[in-house]
Amino acid sequence: MTLRDLLTKISEEKPHSFTDAKLISFVNEIEADVAEQYYIKEVPVYADNHTDLDRRLLAPSPYDRLYVSYVKAMIDYSNEEYDSYANNQAQHVQDFREFADWVVRTGQAESDAIPHRFIHAMY
């Protein structure tokens, strides 16, 4: 999924009044966590420009849905819609857990280091 695809999907699924720059800041937050799962030391940072909008995000399909659930949760949190935030955050935790499990299962990580962020089995 490209950054442009993600922004389009978010606009279709979650009407909002945020600028693309604000949504991209949310994407940069979650992309740092995705990079950490891969043990990538240099985290990609995206900006609101034509070049970055066409860049591919790190998590492959179908795990790229973790970006959608995260950005939707952040929109809800910023709008103080806490019930909707709780639902989207719970979905994000599940989406991220599936991605992290896939990384471990398929040996996608670049090293054997333990990431700073991990999903506890009881979370």
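Would you check if there is a residue in the range 30-45 being at positive phi and out of contact with any Gly (no Cβ under 7 Å at 6 or more places or on another chain)?
Yes, that holds for at least one residue.
For the range 56-70, enumerate the residues that are without any contact (Cβ under 8 Å) to a residue 60 or more places away in the chain and surrounded by 14 or more Cβ atoms within 10 Å (Cβ to Cβ).
Across the range 56-70, the qualifying residues are 57, 58, 59, 63, 65, 66, 69, 70.
Only one of (1) outside any helix (DSSP H, G or I); (2) farther than 18 Å from residue 25 by Cβ fails for residue 84. Which number is that?
(1)
Going by the structure shown, is residue 70 at pLDDT 95 or above, farther than 19 Å from residue 1 by Cβ and touching a helix residue (DSSP H, G or I) at 6+ places or on another chain (Cβ under 6 Å)?
no
Report, by residue number, each residue of the range 1-48 that is assigned to a helix (DSSP H, G or I), farther than 16 Å from residue 92 by Cβ and not small (Gly, Ala, Ser).
Within the range 1-48, 3, 4, 5, 7, 8, 12, 20, 22, 24 qualify.
The values are calculated or read from the model by the stated rules, or taken from the named source; none is laboratory data. Fair warning: this is a prediction, and the values are worked out from it, not measured in the lab. Quick reminder, even Gly has a Cβ in these numbers, built from the backbone with ideal geometry, and neighbours come from all protein chains shown.
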